[in-house]
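Accompanying notes for the structure given below.
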Amino acid sequence: MQTTRERLRENRKKRRLRLLRLFFIIAVIAGSLFGAYKWMTAPGTAFGSLVIEGTDKLTQDDILKMCGTQKPVNLFVISPSDVKKAIENDVRFEKAETEYFWPGVLQIRVKERVPAVYIACSYKSYAQVDYNGVVMNVSDGIKGADAPVLSGVVTGNIFFGDTVKEKNVLEILKFLSRLDKEVINSISEIAVDGSNNVKFNLSYGYPILLGNADHLAEKLDVFVTVFNDIKTKNIRAEYIDLTFAKPYIKLRHKA
């Protein structure tokens, strides 16, 4: 028959054995996890795929380079938040969204910046500006017809990636951003005079007067209504004035 001291000694021995067994199991699990992590993040390990939508200006190689890695694609070492941040820091793109899909697809949806206007700047150059006022390009001339020219405003010394600060320009850009593509394509020039009044010269051959740039947003609905009305009609107008309570059309005199 065991004495009390012997039973206590045996119980302590069993506890030590249980603790040693537990430590051993934990060590095995930790070692396995560490080994799996090293394997998953090792160069040459392939897992998953990348799907890029909304642009042809980015490739898988570009995305991998942004993440500091290389082929093959390994989603274990690609951070979606880092991808999103890197793309949105590229002036060519307005925003990006990332989303995982089972079993191993990282979808990257990209929205490219779209040129809204060309604005004169320093040194006889022109800035290509998007609808948020971000400068997409600066060149010594207008090299395309992908956006109307904004005349009467000179932005000064601005560079690629800058944002224009002029309030009247930002109001015009906000107005343009709410128009559909058909309307935008019909505007050949936007002119701002010395009193800050805005005029849209249309490809139809006559301008639409919109009034002061500070109140441009108030004219949006009537502008769209008038545009939709005149685009299907052969109107011989000198100009259309939207600065009054009701639109006024100044017709050309017949020869």
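Read the figures in this text as sums done on the coordinates, not as results from a lab. Only a predicted model underlies this, so the values are computations on that prediction, with no experimental measurement involved. Note that we place each Cβ from the backbone using ideal geometry, even for glycine, and neighbour counts take in every protein chain shown.
Below, the figures for the structure above:
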| read-out | value |
| --- | --- |
| Electrostatic dipole magnitude of the chain [Cβ: Lys, Arg +1; Asp, Glu -1; Cα centre; debye, to 20] | 2160 |
| Pairwise FRET efficiency - GLU99 versus HIS215, Cβ, R0 = 35 Å, nearest 0.05 | 0.30 |
| Peptides ranked, highest mean first, by Cβ atoms within 10 Å: ranges 86-95, 170-179 | 170-179, 86-95 |
| Projected label distance in nm at PHE47 and LYS231, using a 7 Å step from Cα toward the beta-carbon | 5.1 |
| Taking TYR206, TYR100 and counting other C-beta atoms within 10 Å, the order from fewest to most | TYR100, TYR206 |
| Spherically averaged projected area in nm², based on the convex hull that wraps the Cα atoms of region 115-251 | 7.9 |
| P(r) weight above 19 Å for region 49-112, C-alpha pairs, percent | 20 |
| Per-residue Cβ neighbour rank within 10 angstrom, fewest leading, VAL134, VAL164, VAL198 | VAL134, VAL164, VAL198 |
| Estimated inter-spin distance, GLN107 and ILE29, nm [label 7 Å along Cα→Cβ] | 3.6 |
| Built amide H within the under 5 Å cut-off of THR55, gap 5+ | VAL110 |
| Angle in degrees between helix 4-40 and the longest Cα principal axis of the chain, rounded to the nearest 10 | 40 |
| Approximate spin-label separation THR59-TYR248, in nm, with each point projected 7 Å along Cα-to-Cβ | 6.0 |
| For SER151, residues with placed amide H under 5 Å, excluding near neighbours | ILE190, ALA191, VAL192 |
| Ranking of VAL135, VAL183 by count of other Cβ atoms within 10 Å, fewest first | VAL183, VAL135 |
| Candidate aspartates and glutamates - alpha carbon under 17 Å from LYS181, same-chain residues fewer than 8 apart omitted | GLU112, ASP130, ASP146, GLU189, ASP221, ASP229 |
| Over the chain, equivalent-ellipsoid semi-axes from the Cα gyration tensor in Å | 67, 20, 17 |
| Violating pairs (Cα-Cα greater than 18 angstrom) within the set LYS65/LYS85; LYS174/LYS199; LYS111/LYS231 | LYS111/LYS231 |
| Segment LEU20-PHE160, length gained on full extension (0.36 nm per residue, minus Cα span) | 44.0 nm |
| Tilt relative to the chain, helix 167-177 - C-alpha long axis, 0 to 90 degrees, to 10 | 80 |
